[in-house]
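Below is one structure; the comments refer to it alone.
The values are calculated or read from the model by the stated rules, or taken from the named source; none is laboratory data. Source: prediction; values computed, not measured. We place every Cβ from the backbone using ideal geometry, glycine too, and count neighbours over all the protein chains shown. Note: areas computed on protein heavy atoms with side chains; ligands, DNA, RNA excluded. Shrake-Rupley method; radii C 1.70, N 1.55, O 1.52, S 1.80 Å.
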Amino acid sequence: MVKEIERAGFPVVHMCTIIPISQTVGANRIVPTIAIPHPFGDPTRTPGEEKALRRALVEKGLKALETDIDGQTVFNG
Amino acid sequence: MTYRVVHYINQFFAGIGGEEEAGQRPLLKEGVVGPGQALAAAFGDEAQIVATVICGDGYFAENMDRAAAEVVDLIASCRPDAVVAGPAFNAGRYGTACGAVCQAVKENLGLPTVTAMYPENPGVDLYRSETYIVETTDSARGLRKAVPTMASLALKLLRGETPGLPSEEGTLPQGRRRNLFRDACGAERAADMLVRKLRGEPFETEYPMPVFDRVPPAGALKNLKEATIALVTSGGIVPKGNPDHIEASSASRYGEYDISGVDDLTAAGYGTAHGGYDPTYADGDADRVLPVDVLREMEREGRFAKLHDFFYSTVGNGTPVALAARFGREIAEKLRNAGVDAVILTST
């Protein structure tokens, strides 16, 4: 899905936990997330902390969408 | 002599449990467990499964390096002559784990390894050059057929014999080339192939072209403040009750759901249809998979112009690649017509 949406001309950021699979599939902008059953959350934290964590991840995703890249890039920073 | 084999399987095939037990850390059991019985039968007297190493798919996928090292330590403690992993069929995390175990065993212990998967399993492309992968069907229904092929290949490797072509061994090609003598020279064989092709007769290439389906990256978003951002997910987030009946695995469809005016994906309103991970956390708060709450917040603050009124969702769990590609094309078409500028696609 990532690839077909990108082929249509949209910048896409793939936000996921298993990076090797995303790389094999051929996503170009990849942002690693927290865990498979809760990529944008951490149930061990308070709801407030969880939301802050989620917001930081989404900020990273938007940053990736704003970044020009030459090829597959994993946004770790 | 009887060769010593260690078998690697996941928590599901070990009978420990499904997704709720996917966090299972590596453990060792003596003798055969689950599909090891069929494997042991196929080995006959020539090899013995001395132990089975079990690890949860979730634990492995989330801690790949550490999990592989722990599994290799357990395997090494059994002093085996070879390692067999799986079969993993079309289970993505399991296939990836089987491949990673085989690679780590080869690198650290120098032992022959065999695993088995469906050709579309992501573990195939990741590890095909590192281990022999027997081709299977996409579900455990193919166990009976896969196991004898795995056993006979493992025995060949144990005896120090050289395996034949992938078509002879029932394996997926590793992309290796081996020198051999042929009766006709290359030019004759090429001309013969061309004639067959022109006649519309079947022919087999000696050098299949690799398929690199890569899409060049789309240009960056120039002006985030004026952009419409859409959400797409393979994590199976759907309105409570799953109105489109998206399948828990091998999904045949995706859903389009209106979130205009929705500030938060509450447990009362949304959950997951995905059958490939523990749904507890997504059902408790679907924002953990599809971050609508924070995107809505950022939209209000003016970080970007608009969160698209619809999100698109399917279950990425053994979904055939051809179908996923069609979903992607159809979704892209809808997004284009709606004037969306960029997409966040989330996966579990």
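Miscellaneous remarks
- Scanning the stretch B:53-64 for residues that are within 10 Å of B:Arg93 (Cα to Cα) and surrounded by fewer than 21 Cβ atoms within 10 Å (Cβ to Cβ) yields one hit, B:Glu62.
- Qualifying residue in the stretch B:65-81 (condition: closer than 19 Å to B:Pro122 by Cα, more than 14 Å from chain A (Cβ to nearest Cβ) and crowded, with 22+ Cβ neighbours inside 10 Å): no
- Hits in the stretch B:143-166 - residues which are open to solvent by 30 Å² or more (accessible area, probe 1.4 Å), free of Cβ contacts under 8 Å to residues at least 60 places away in the same chain and small (Gly, Ala, Ser): B:Gly160
- Single residue of the stretch B:305-333 satisfying the filter (in a loop (DSSP other than H, G, I, E, B) and β-branched (Val, Ile, Thr)) that is nearest to the chain's Cα centre (by Cα): B:Thr319
- Some residue of the stretch B:306-314 being without any contact (Cβ under 8 Å) to a residue 24 or more places away in the chain and either within 11 Å of chain A (Cβ to nearest Cβ) or of a type in the set (Lys, Arg) (or both): no
- So B:Gly269, is it surrounded by fewer than 17 Cβ atoms within 10 Å (Cβ to Cβ), without any contact (Cβ under 8 Å) to a residue 40 or more places away in the chain and under 17 Å from A:Glu49 (Cα atoms): no
- All positions within the stretch B:331-348 that are open to solvent by 40 Å² or more (accessible area, probe 1.4 Å), in contact (Cβ under 8 Å) with a residue 12 or more places away in the chain and either at the interface with another protein chain (Cβ under 7 Å from one of its Cβ atoms) or within 23 Å of B:Ala273 (Cα to Cα) (or both): B:Lys334
- Here B:Asn317 fulfils each of the conditions (1) within 12 Å of chain A (Cβ to nearest Cβ); (2) surrounded by 21 or more Cβ atoms within 10 Å (Cβ to Cβ); (3) at pLDDT 95 or above; (4) over 15 Å from A:Phe40 (Cα atoms) apart from (3).
- Restricting the stretch A:20-47 to residues that are open to solvent by 30 Å² or more (accessible area, probe 1.4 Å) and among the aliphatic types (A, V, I, L, M), the residue that is farthest from A:Met1 (Cα to Cα): A:Ile34
- Looking only at residues in the stretch B:255-266 that are within 14 Å of chain A (Cβ to nearest Cβ), open to solvent by 30 Å² or more (accessible area, probe 1.4 Å) and not polar (S, T, N, Q), the one that is nearest to A:Ile5 (Cα to Cα) is B:Glu256.
- The residue of the stretch A:1-26 that is farthest from B:Tyr281 (Cα to Cα), among those that are of a type in the set (A, V, I, L, M, F, W, C) and under 10 Å from the mean Cα position of the chain (by Cα), is A:Val12.
- Qualifying residue in the stretch A:61-73 (condition: under 29 Å from B:Glu19 (Cα atoms), in contact (Cβ under 8 Å) with a residue 40 or more places away in the chain and at the interface with chain B (Cβ under 7 Å from one of its Cβ atoms)): yes
- Selection of first residues in the stretch B:179-203 that are closer than 29 Å to B:Pro163 by Cβ and of second residues that are open to solvent by 100 Å² or more (accessible area, probe 1.4 Å), restricted to Cβ pairs under 8 Å at least 6 apart or on distinct chains, gives the following pairs, ordered by first then second residue: B:Arg189/B:Arg182; B:Arg196/B:Pro202; B:Phe203/B:Lys197.
- Top-ranked residue in the stretch B:131-142 [being open to solvent by 40 Å² or more (accessible area, probe 1.4 Å) and assigned to a helix (DSSP H, G or I); ranked as farthest from B:Lys106 (Cα to Cα)]: B:Arg141
A quick yes/no check of all residues on (1) surrounded by fewer than 18 Cβ atoms within 10 Å (Cβ to Cβ); (2) not small (Gly, Ala, Ser):
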residue	(1), (2)
B:Tyr207	yes, yes
B:Asp213	yes, yes
B:Gly219	yes, no
B:Asn223	yes, yes
B:Ala227	no, no
B:Val238	no, yes
B:Arg253	yes, yes
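- Boolean, A:Ile18 is β-branched (Val, Ile, Thr), free of Cβ contacts under 8 Å to residues at least 60 places away in the same chain, over 27 Å from B:Asn223 (Cβ atoms) and within 7 Å of chain B (Cβ to nearest Cβ): yes
- Matching residues, the stretch A:31-59, being within 20 Å of B:Ile237 (Cβ to Cβ) and more than 7 Å from chain B (Cβ to nearest Cβ): A:Val31, A:Pro32, A:Thr33, A:Ile34, A:Asp42, A:Pro47, A:Glu50, A:Leu53, A:Leu57
- Identification of helices (runs of 4 or more DSSP H) wholly contained in the stretch B:1-109 with 1 or more residues that are more than 20 Å from the chain's Cα centre (by Cα) yields B:36-43, B:64-76, B:92-109.
- Odd one out for B:Arg296, checked against (1) part of a helix (DSSP H, G or I); (2) crowded, with 21+ Cβ neighbours inside 10 Å; (3) more than 7 Å from every other protein chain (Cβ to nearest Cβ): (2)
- Exactly one residue out of A:Glu50, A:Glu66 is open to solvent by 20 Å² or more (accessible area, probe 1.4 Å), at negative phi, at pLDDT 95 or above and touching a helix residue (DSSP H, G or I) at 6+ places or on another chain (Cβ under 9 Å), and it is A:Glu66.
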